[in-house]
1. Considering only protein heavy atoms and a 1.4 Å probe, what is the carbon-and-sulfur percentage of the accessible area of the chain?
2. For residue 366, what charge total do you get from the other residues with a beta carbon under 10 Å from its beta carbon, if Lys and Arg give +1 and Asp and Glu give -1?
3. At a probe size of 1.4 Å, how large is the accessible area of residue 89, to the nearest 10 Å²?
4. What does the accessible area of residue 289 come to, in Å² to the nearest 10, when a probe of 1.4 Å is used?
5. Return the Cα extents of the stretch 250-309 along principal axes one, two and three, sorted largest first, each rounded to a whole Å.
6. By what distance, in whole Å, do the Cα atoms of the stretch 173-320 stretch along each of the three principal axes, largest value first?
7. Counting only C-alpha contacts under 8 Å and six or more residues apart, can you give the relative contact order of the chain as a whole percent?
8. Which percent, nearest 5, of DSSP beta bridges in the chain are antiparallel?
Amino acid sequence: MGVDEAEVPVDAVGKRVSCGGERATVRYFGPVPPTAGLWLGVEWDNPDRGKHDGSHEGVQYFTCRHPTGGSFVRPAKVSFGVGYLTAVRQAYKIDSEEVLSEEISISRKKLKWGNIKERGFESLPSVLLSRSDVSGSGADGEIRTTTPNVEWLDLSGTLLSCWEDVATISQQLDRLEGLQLSYNRLRLPPDPSALRHAFSALKVLVLNGCQLTWPQILECAPMWPQLEDLCVEENSITELQRPEGLLQSLKSLSLSSNPLVQDSVLSLSALPRLEQLNLSKTGLSVIRFEDAAPGSHTAMYAALKTLSLDHNNITEWIVVNELAKLPSLVRLSCRGNKLVSGDGNPKTANQMLIAKLGQLVVLNGCEIYADDRRGAELDYIKMFGEEWLKAGGRSQPSPQFVYEHPRYQALISKYGAPEEGELKKPEPFALKNQLLKITFVFPDDANRKPLEKKLPASMVVQKVKGLLYRLLKVPAADLRLTYTSPKMVGTEFEIDSDLKTLQFYSIEDGDQVLVRWS
């Protein structure tokens, strides 16, 4: 629904609008000669929707972040949005029974609606207005009486323009603990502390994809005095400054998908209660805790229990040695990196992670059982036994060996030194013509029974997919294969190259290959 020129707000510049299903910010309102009438100059959230940089016939009317992110549109083509309660009524009058039966998930916290006895707005514990045209609170005071029990509020991708607009809504929700504001473009307030009362009970805040920098987040932090869980993925965060006196109650922080300056990551150690940290897809390759010697604990991140480092550029095992310095770390996710063991086997690499990180109880989402740990540690002792002996192991290993294997001496004390025969590397076994008994299972097809096949270890994955194509009639390009081994219960390994052999992936007799397709 558009507006007449006369209905355009006097403070239209900076307001958020909806036009043709796309979101934009008004950067100009006025004439654009030689055309008649008034225009709105907008900067689109999606720059592909635009046509120029805010100029027309040599005149610069406004500026954009992207050279083709701007357009001129007539006021009749845009919507400046609706109030909160109008959006609630629009969203929940459609099928309240269906909405009230949903399970809501915000920042890893789930809330079921099924036990709600009353079906009025007063009983709603969560309100989900993602991609709605909410632009403000509406009439004063009505939110508190209409939706008084809201604990979780999703306002992602709306038409809210600034933090003051958000505050006019949240200050009327006395029980609000979780707030989803992803994919908005919110102007920062001139005095964030003045809005503190509006977010005084807030514990969970999600600000993904908001084009925020870390200094801007720290500037806003005084608004959130009780915040425990902050998710700021897919933003413009690069260098991290120390949050001195800010975010001191924070327990969980996700910075995934931000191009971080890796040397600045240690600045986050100023968060004394931080227990969970997600640094996945941030380009990290190195982490150093130079305050601690190999095998000892760092004073940094004293409370950190869970760390995610998926899909980074970590290639050196020294980084894992540094992670061993974290005193409280018990859960690590490190998938999608290039940590490679000497034999190139991904299972061996996982075993090395387990052996090097003695306090770990969960790796890549899988619990580490006692037998898994014992096997990994014994294999680690044997794997580097010769190197240990050459480094003077029976007396005192060299500093270089201790630097590369800081936990090795502790494992020797735990299990004893390896026997001489165990130190010899086994001769490679000729697998060219060996047949492997493999069971194919089909998680995406509950009606299809597992299929057992004997295949040569030298068979390339491409041929395996050809075999499956004849069976399933699913194109090889749509098939995704993983495998599991009884030696590593609960761990699923990717088969990510069609040109590698089964032998390359160390698939053995009795392993299962899981077949999925899109």
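1. Working: 12630 of 25340 Å².
Carbon with sulfur: 50 percent of the solvent-accessible area.
2. Values: positive: none; negative: 367, 372, 492.
After counting each charged neighbour, the total is -3.
3. That residue has around 110 Å² of solvent-accessible surface.
4. The value for residue 289 is about 10 Å².
5. Answer, in whole Å and largest first: 31, 24, 16 Å.
6. On the principal axes, the stretch 173-320 reaches 49, 26, 24 Å in Cα extent.
7. Working: 1047 pairs, mean separation 31.7, N = 518.
Reported relative contact order: 6 percent.
8. Working: 42 of 74 bridges.
Here the share of antiparallel DSSP bridges comes out near 55 percent.
The values are calculated or read from the model by the stated rules, or taken from the named source; none is laboratory data. Everything quoted here is computed from the prediction, not taken from an experiment. Neighbour counts run over all protein chains shown; Cβ positions are idealised from the backbone, glycine included. Note: accessible area is taken over every heavy atom of the protein model, side chains too, but ligands, DNA and RNA are not part of it. Shrake-Rupley method; radii C 1.70, N 1.55, O 1.52, S 1.80 Å.
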